[in-house]
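The values are calculated or read from the model by the stated rules, or taken from the named source; none is laboratory data. Keep in mind the model is a prediction, meaning the values are calculated, not measured. Please note: Cβ atoms are built from the backbone with ideal geometry, for glycine as well, and neighbour counts cover all protein chains shown.
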């Protein structure tokens, strides 16, 4: 089981690398995109959902914002709070990635049956 999991992780990392992402960067995009009835999440919400250390969150958000995949805005009522949303480019990249991502997951699940 551990070998299968390791192979899946490597396969996903390779897939994401072909599109200029890492698995962590993909997870940031998907977590923001899949939030029902909201276009943004706060940095704290992203940190909690991904259970990733604050410095890693900050570095990853900066990189994704620099690449034009995310937009970060300050809250109107509390300037300490930042809201993070996908740009059109980020949404398009995610839409492009999801079919291949789900195909990899499906293939791996079929192989374990």
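Observations, loosely collected:
- Residue 79 in a helix (DSSP H, G or I) and either modelled with pLDDT of 90 or more or over 30 Å from residue 2 (Cβ atoms) (or both): no
- Of the set (1) at pLDDT below 95; (2) assigned to a helix (DSSP H, G or I), all apply to residue 38 but (2).
- Residues satisfying the stated conditions in segment 76-86, i.e. in contact (Cβ under 8 Å) with a residue 24 or more places away in the chain and farther than 12 Å from residue 31 by Cα: 81, 82, 83
- Residues that are closer than 30 Å to residue 111 by Cβ, out of contact with any strand residue (DSSP E or B) (no Cβ under 9 Å at 6 or more places or on another chain) and surrounded by 15 or more Cβ atoms within 10 Å (Cβ to Cβ) do occur in segment 46-68, at least one of them.
- Residue 5 meets the conditions (1) at negative phi; (2) not in a helix (DSSP H, G or I) in every case but one. The failed one is (2).
- Options 64, 29: the member that is closer than 21 Å to residue 10 by Cβ and either at pLDDT 95 or above or part of a helix (DSSP H, G or I) (or both): 29
- Residues within segment 8-24 that are part of a helix (DSSP H, G or I) and either free of Cβ contacts under 8 Å to residues at least 40 places away in the same chain or closer than 15 Å to residue 43 by Cβ (or both), tallied: 8
- Residue within segment 89-108 that is surrounded by 15 or more Cβ atoms within 10 Å (Cβ to Cβ), at pLDDT below 95 and not in a helix (DSSP H, G or I) present: no
- Of all residues making up segment 29-72, the number that are more than 16 Å from residue 91 (Cβ to Cβ), touching a helix residue (DSSP H, G or I) at 6+ places or on another chain (Cβ under 7 Å) and touching a residue at least 40 places away in the same chain (Cβ under 8 Å): 1
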